[in-house]
Amino acid sequence: DFAGIVDDVIALRNEFYPNAKVSVLSNSTRIGDEKVADALKRVDNNILKLDSAITPTMRLIDQPTSKEFNSEQLIEQLKQFSSQCIIQTMMLRGVHDGQRIDNTTEEEVEALIKAYREIAPKEIMLYSIDRSTPEEQLEKVSIEELREIAARIEKEGLKVQVN
């Protein structure tokens, strides 16, 4: 019913708050569904997650339920949104389920930059952990490091917001 819900929200916005923006934050796991994708294309701020362009890291961070879900597939699906989307990426490091996780390494950042170039979103939002998590061994990435990563992305002509 996602498409119908989006249509209802847009209709209510148009009637009662015509200047308001409709934003949807999605974990991106259902954007391969044509009805979901079409609905997301109708909102003002279509915010889609991409936490890693490397499958093992993405799977460790995001824990998708589908065993087949991978970064290559996700990036390909994100391309359909291009300038109609904002890509949101959470940068973090630490240990999760006994496995080392770090999407701030040179390899990870380069893979993300390549993916961002392919997707060509209207904006990229970089952020890190802001509050405690169930996994106590995850670490927040400093604002300074986020800004350094953002500067590398901006050199590619992409707009980046650091939170």
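Points to keep in mind about this one:
- Applying the condition of being exposed (fewer than 14 other Cβ atoms within 10 Å of the Cβ) and of a type outside the set (D, E) to the stretch 106-142 and asking which residue is nearest to L78 (Cα to Cα) yields R117.
- Pairs where the first residue, in the stretch 80-104, is more than 15 Å from Q161 (Cα to Cα) and in contact (Cβ under 8 Å) with a residue 24 or more places away in the chain and the second is of a type in the set (D, E) and open to solvent by 30 Å² or more (accessible area, probe 1.4 Å), C-beta under 6 Å, 6+ apart: R93/D102; R93/E139; G94/E139; H96/E135
- Residue count, the stretch 30-45 (criterion: open to solvent by less than 30 Å² (accessible area, probe 1.4 Å) and either acidic (D, E) or touching a Phe, Trp or Tyr at 6+ places or on another chain (Cβ under 8 Å) (or both)): 5
- Looking across the stretch 34-56 at every residue that is under 14 Å from T89 (Cα atoms) and either aromatic (F, W, Y) or in a loop (DSSP other than H, G, I, E, B) (or both), the one that is nearest to the chain's Cα centre (by Cα) is identified as L50.
Yes/no matrix, rows are residues, columns are (1) in contact (Cβ under 8 Å) with a residue 24 or more places away in the chain; (2) exposed (fewer than 13 other Cβ atoms within 10 Å of the Cβ); (3) charged (D, E, K, R):
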site	(1), (2), (3)
R13	no, no, yes
S28	yes, no, no
I47	yes, no, no
D51	yes, no, yes
T57	yes, no, no
L60	yes, no, no
T65	yes, yes, no
L74	yes, no, no
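The values are calculated or read from the model by the stated rules, or taken from the named source; none is laboratory data. All of these numbers come straight from a predicted model, not from anything done at the bench. Cβ coordinates were reconstructed from backbone atoms using ideal geometry, including for glycine residues, and neighbour counts include every protein chain displayed. Surface accessibility is based on the protein's heavy atoms, side chains included, excluding ligands, DNA and RNA. Shrake-Rupley method; radii C 1.70, N 1.55, O 1.52, S 1.80 Å.
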